[in-house]
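The values are calculated or read from the model by the stated rules, or taken from the named source; none is laboratory data. Note that this is a predicted model, so its numbers are computed, not measured. Accessible surface is based on the protein model in full, side chains and every heavy atom, while ligands, DNA and RNA are left aside. Shrake-Rupley method; radii C 1.70, N 1.55, O 1.52, S 1.80 Å.
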Amino acid sequence: MPDAALIGRYWPADSPLHRMDARAKLVMSLVLMAVVFVAQTFWGLAVCALFIGAFFLLARIPLGKALRSVAPLAFIVVVTALLNVFFVQGGPVYFEWWIVRISQAGLVQAAFIACRLLLLLLGVSLLTLTTQTLDITDAFEHLLKPLARFGVPAHELSMMMGIALRFLPQFAQELATIYRAQLSRAATFSKGRARTLLSLMVPLFTSAFRHAETLSSAMDARCYHGGAGRTRLHPLALSRTDAAAAGVLALMLACVFATNFIPH
């Protein structure tokens, strides 16, 4: 496996989190995201960070790999934080020029939102790093199965999610390959060099479309039809590890909820 861990790429290890049922992990990941949203103070986010860090230690995933797993999506955190800096006003004003104003409330809100988004991304990456893509796809389809009677295409949605998860690491690897190839041709990617950036993006998207067409042709060659003949998952029965993880999440929720009442 390459040294860099990315969202959508499985990190092989023998840990309690890796051995958990994929359906339980998927549901608990959603609960974890909800708990992060419950936090309304920095104390609450600190508690979330403590629990998420413990989960990564339990999964035997190095902290550096955990942070690198969300690096490709860091721009979302940066852009959202900047929007809060410029559009949230209140308290002392530290900088003002024309229509631009930076105040204390904007900086505090930007830091809070950035920390919250980072924790959310780490929570999602914990699922993908400890669960193989096919297991996530099957778990997603199994959980959506009750909605199939209302016309929800559970299998098609799960296949779309599985293909997207598989494409993320491949897309990033292809980008790195094309980038190194362009550098070997003395290309530069400095600010304002739109033509050189275009020479990077065009091959990247051409390669992505080629991989998608290859996958579609392979599915047609196998006479694939939505979910026909697939092995089904056994009914969900929580193991001791799953039950323990649910208990830890409940404790995490209680601690985060309690921090909302700490005076600040």
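Over the heavy atoms of Y10, what accessible area does a 1.4 Å probe trace out, to the nearest 10 Å²?
70 Å²
Below 8 Å between Cα atoms, with a sequence gap of 6+, how large is the relative contact order for region 1-85 in percent?
Normalised by residue count, the contact order of region 1-85 is 49 percent.
Under 5 Å between amide H atoms, partner at least 5 residues away or on a different chain: which partners does Q89 have, H built in plane at 1.01 Å?
HN-HN under 5 Å from Q89: empty list.
Stick to Cα atoms and the Kirkwood definition of Rh, then tell me Rg/Rh for region 1-142.
Reported Rg/Rh (Cα atoms, Kirkwood Rh): 1.07.
Given a 1.4 Å probe and every protein chain left where it sits, what share in percent of the accessible area of region 96-148 is carbon and sulfur?
The computed percentage sits at 69.
Per residue of region 54-59, what does 6.51 cos²θ - 1.76 cosθ + 1.60 with θ = phi - 60° give for ³J(HN,Hα)? Whole Hz please, x for Gly and Pro, Karplus curve as stated.
So the Karplus estimates, Gly and Pro as x, are 5, 4, 5, 5, 5, 7 Hz.
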